[in-house]
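To start, the structure under review is shown below, and the notes come after it.
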Amino acid sequence: MRFSNTIFSLPSFVALLFAFGMASIAHSQAPETKDTPFRQVTPAFSVAGQLSVDDIRRAAAQGYTLVINNRPDGEGGPDQPTSAELEKAAKEVGIDYLYTPFRSGHVTDEAFNQAKMVLSKHEGKTLSFCRSGTRAITVWAMAQSALGNMPPDDAIKAARAAGYNLDRQRQTLQTLAAGKTP
């Protein structure tokens, strides 16, 4: 066989194919780093599922200046990093950190009021997370509606573009936008 002015014998060609094949197999079995996706909702706000310490470092490298944790410690079992571990990592890379945990489907007044207060004052990029990002984006949409920063329909559209369906929250968001308590 002749390739690009180089002559290969059949045994050397087979050996070469075998070497490339083994390299491909070794590459496909190499451990992959699993970065949690950050889903951008607005230029200044993103949501994510459970973050790791490495994700906190990656967030800092991407310009985030605040991380909000809405996931209770231990909810995901012993493999879930604690809030204290994540807060320590955030402080090490110069990111502000807010821990406002609540159970899925049960936004607490405290979590809502803290998110509303922090989001009304924070001027940098924010990354908020929970197990899947749904709690994080729900409390964000509630805060945006209550603060008058974004009409409920726009918050629902932004959430949908990030992969979250908040249609069931429409009435709550409209109530908050009207200045009432849901």
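The values are calculated or read from the model by the stated rules, or taken from the named source; none is laboratory data. The shown structure was predicted, so the numbers you read here are calculated from the model rather than taken from an experiment. Note that each Cβ is placed from the backbone with ideal geometry, even for glycine, and that neighbours are counted across all protein chains shown.
General observations
- Yes/no for THR108 being within 24 Å of GLY49 (Cβ to Cβ) and touching a Pro at 6+ places or on another chain (Cβ under 6 Å): no
- Sole exception among (1) modelled with pLDDT of 95 or more; (2) not assigned by TED's automatic domain parsing to the domain that holds GLN50 for PRO182, by number: (1)
- Where ASP55 falls short, out of the listed (1) modelled with pLDDT under 80; (2) assigned to a helix (DSSP H, G or I); (3) not hydroxyl-bearing (Ser, Thr, Tyr): (1)
- Boolean, ARG170 is in a helix (DSSP H, G or I), out of contact with any strand residue (DSSP E or B) (no Cβ under 8 Å at 6 or more places or on another chain), assigned by TED's automatic domain parsing to the domain that holds GLY105 and more than 17 Å from HIS106 (Cβ to Cβ): yes
- Matching option when the condition is within 30 Å of ALA178 (Cβ to Cβ) and in the same structural domain as ARG170 (by TED's automatic domain parsing), among GLY124, GLY76, GLY49, GLY94: GLY124
- Answer from ASP96, ASP55 - the residue that is without any contact (Cβ under 8 Å) to a residue 60 or more places away in the chain and surrounded by fewer than 19 Cβ atoms within 10 Å (Cβ to Cβ): ASP96
- Residue match in segment 118-130 (condition: modelled with pLDDT under 95 and among the polar types (S, T, N, Q)): yes
- Residue within segment 115-125 that is acidic (Asp, Glu) and in a loop (DSSP other than H, G, I, E, B) present: yes
- Members of segment 58-101 found to be over 17 Å from the mean Cα position of the chain (by Cα), hydrophobic (A, V, I, L, M, F, W, C) and either under 18 Å from LYS34 (Cα atoms) or not in a helix (DSSP H, G or I) (or both), listed by number: VAL93
- Filtering segment 142-167 to residues that are free of Cβ contacts under 8 Å to residues at least 40 places away in the same chain, assigned to a loop (DSSP other than H, G, I, E, B) and farther than 19 Å from SER120 by Cβ leaves ASN165, LEU166.
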